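What follows is a short report on a single structure.
The values are calculated or read from the model by the stated rules, or taken from the named source; none is laboratory data. Here the structure is a predicted model, which means the values were calculated and not measured. Note that we place each Cβ from the backbone using ideal geometry, even for glycine, and neighbour counts take in every protein chain shown. For accessibility, only protein heavy atoms count, side chains too; no ligands or nucleic acids. Shrake-Rupley method; radii C 1.70, N 1.55, O 1.52, S 1.80 Å.
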Amino acid sequence: MPLQFNPALKDMPVYQPGRPIEEVAREVGLSAADIIKLASNENPLGPSPLAIAAMSKVLGQLHLYPDGNAFHLKAKLAGKLGLEPTNIILGNGSNEIIEFVGHALMTPGVDVVVSDYCFAVYPIVTRLFGANLISVPALELGHDIPAMLRAITPQTRVVFVANPNNPTGTLASREHVVRLINDVPDHVLLVMDEAYIEFLNDTVDLVPFVRQARPNLLLMRTFSKIYGLAGLRLGYGLGAPGLIAAFEKVRQPFNINALIQAGALAALDDDTHLKMTRKNNSAGLHFFESSFRRLRLAYVPSSANFMLVKVGDGSRVFAELQKLGVITRPMAGYRLPEWLRISMGTPAENVRCLDALCSVLGMETK
Ligand SMILES: *Cc1c(COP(=O)(O)O)cnc(C)c1O
């Protein structure tokens, strides 16, 4: 008898990440130095210099296992957020925390509610655990939160909302988010994925709801985006101690490596790097918005560090841009085949990307 794989694997899509620079370089015959990657919402300014310095100091200790409980990092995050270490779960990227949610709450036959055009990892994890994915139609590509509340049934165990959302960059209103938190029934875990929260100027701070110990609310954040540490994989979840204790049972002992524990501690103190990144990002959004308006290309106004633009045949434009050394993200996998997602780069990278896009679309840049 052949291997009997988990039946959930049969129709499971494989996550398609942004393509690595080296891989594209080999494929299109350019040198890696001539390629820019605006495909994975990384920080174009690089990691915090304070984080790099702190990490280089621990290299000589890498023969030791990391602190499995990440004492200093949890204490620092707790202090910064006005929470306790027992409110914090750390993951190997916030992707791993999504998987903890699956282990802790998803079994075959239960429902998980998401929005159309949600972050790709929610459906993957939902299917992996044999749960049913209930995808609620979007409103102008954003989450329809009242409709998501209406989609909740006695079988629902989890609702995922990324705010701002990836890949659309849309932001749900303060009123809708507060209503969602207040109206979500007790048997449903509400996961608010705040991967891009640090890019917002003005938002609802949901940490006070965690302080009130709402038993069924989880906030997720990451060091991969504004902190520029995607390569070392660190995300965190914030919730009531009872919820966090459940996740601790499904977490592998040493999921957070020693380098990132040191790097994240230092990055949390690097306000300069954070401010420069925010400023670079707003300038990028402004540049692409004004350029797309001038070129009469449809785009989705973004609250994050990337933007969706409508280019016609997204897969073709993606492939042509790649030949010019510009890696973007095609959106067919998200059922948005006419759109491309472009991450904000440095000013020079943004200009290069726009020039390449104009050349592929046969438009004048100026
Ligand atoms: C990038 C992203 C994450 C996860 O990032 P990690 O690198 O795993 O921390 C989670 N949610 C959303 C919506 C994202 O865009």
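Across region 230-248, what is the number of residues that are within 14 Å of the ligand (Cβ to nearest atom) and either open to solvent by 10 Å² or more (accessible area, probe 1.4 Å) or out of contact with any helix residue (DSSP H, G or I) (no Cβ under 6 Å at 6 or more places or on another chain) (or both)? Selection size over region 230-248: 5. Residue count for region 196-212 satisfying the condition of being closer than 25 Å to R150 by Cα and touching a Ser or Thr at 6+ places or on another chain (Cβ under 8 Å): 0. Just one of the listed residues (L218, L171) is open to solvent by less than 10 Å² (accessible area, probe 1.4 Å) and in the same structural domain as T107 (by TED's automatic domain parsing), namely L218.
Scanning region 291-318 for residues being open to solvent by less than 40 Å² (accessible area, probe 1.4 Å) and either part of a helix (DSSP H, G or I) or in contact with a Phe, Trp or Tyr (Cβ under 6 Å, 6 or more places away or on another chain) (or both) gives a total of 10. Per the listing K76, K80, the residue uniquely basic (K, R) and either within 16 Å of the ligand (Cβ to nearest atom) or within 14 Å of A262 (Cβ to Cβ) (or both) is K76. Note on region 13-83: enclosed helices (runs of 4 or more DSSP H) holding 3 or more residues that are under 30 Å from A213 (Cβ atoms) and touching a residue at least 40 places away in the same chain (Cβ under 8 Å) are 71-81. Does I97 count as hydrophobic (A, V, I, L, M, F, W, C) and within 16 Å of the ligand (Cβ to nearest atom)? For I97, the condition - hydrophobic (A, V, I, L, M, F, W, C) and within 16 Å of the ligand (Cβ to nearest atom) - is met.
Inclusion of Q261 among residues that are assigned by TED's automatic domain parsing to the domain that holds L30, buried (at least 19 other Cβ atoms within 10 Å of the Cβ) and assigned to a helix (DSSP H, G or I) is not warranted.
Which is among the aliphatic types (A, V, I, L, M), at pLDDT 95 or above and closer than 30 Å to D269 by Cβ, of L83, L139, L133?
On the way: L139 fails: closer than 30 Å to D269 by Cβ; L133 fails: closer than 30 Å to D269 by Cβ.
Exactly one of L83, L139, L133 is among the aliphatic types (A, V, I, L, M), at pLDDT 95 or above and closer than 30 Å to D269 by Cβ, namely L83.
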